[in-house]
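Right, one structure below, let's go through it.
No lab work stands behind these numbers, since they all come straight from the coordinates. Since the model is a prediction, treat every value here as computed from it, not as a measurement. No Cβ is skipped: glycine too gets one built from the backbone with ideal geometry, and neighbour counts run over all protein chains shown.
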Ligand SMILES: [Zn+2]
């Protein structure tokens, strides 16, 4: 079978700037949003780098159960999110960060999806990342 290449993926998804992830799969940044927000080409590259960095941070979080390590990594994920908001020219606002999507987070997912983006989020005492913030 022919290898599915970045070039082919880009042809299949013309509405996106397609990029290859560390695991060899592909993802994309929507062109419509790039145009709407007037994001420059160098900043699109930075956005892709930040997505790859977040994948790497998530992978590290998957590999550890150490609460201190998870908290440090979670902090870097939050910084990554705020940097993305800057590059997209959105308001830099931590309430727009869906922290419950992080690996190992045990905060109530559905409650927080319901509350998004009000900032009135529920954190669980059982969560190794956010538990001590309760
Ligand atoms: Zn949590």
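Kindly indicate whether residue 86 is more than 11 Å from the ligand (Cβ to nearest atom), under 28 Å from residue 24 (Cα atoms) and out of contact with any helix residue (DSSP H, G or I) (no Cβ under 6 Å at 6 or more places or on another chain).
So residue 86 fits the description; yes.
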Entirely in the stretch 1-103, the helices (runs of 4 or more DSSP H) that have 2 or more residues that are under 11 Å from the mean Cα position of the chain (by Cα) and under 28 Å from residue 125 (Cα atoms): 41-63, 67-87
Any hit, the stretch 104-124, residues being under 30 Å from residue 3 (Cβ atoms) and surrounded by 15 or more Cβ atoms within 10 Å (Cβ to Cβ): no
Members of the stretch 104-132 found to be over 18 Å from residue 62 (Cβ atoms), in a helix (DSSP H, G or I) and within 14 Å of the ligand (Cβ to nearest atom), listed by number: 110, 111, 112, 113, 115, 131, 132
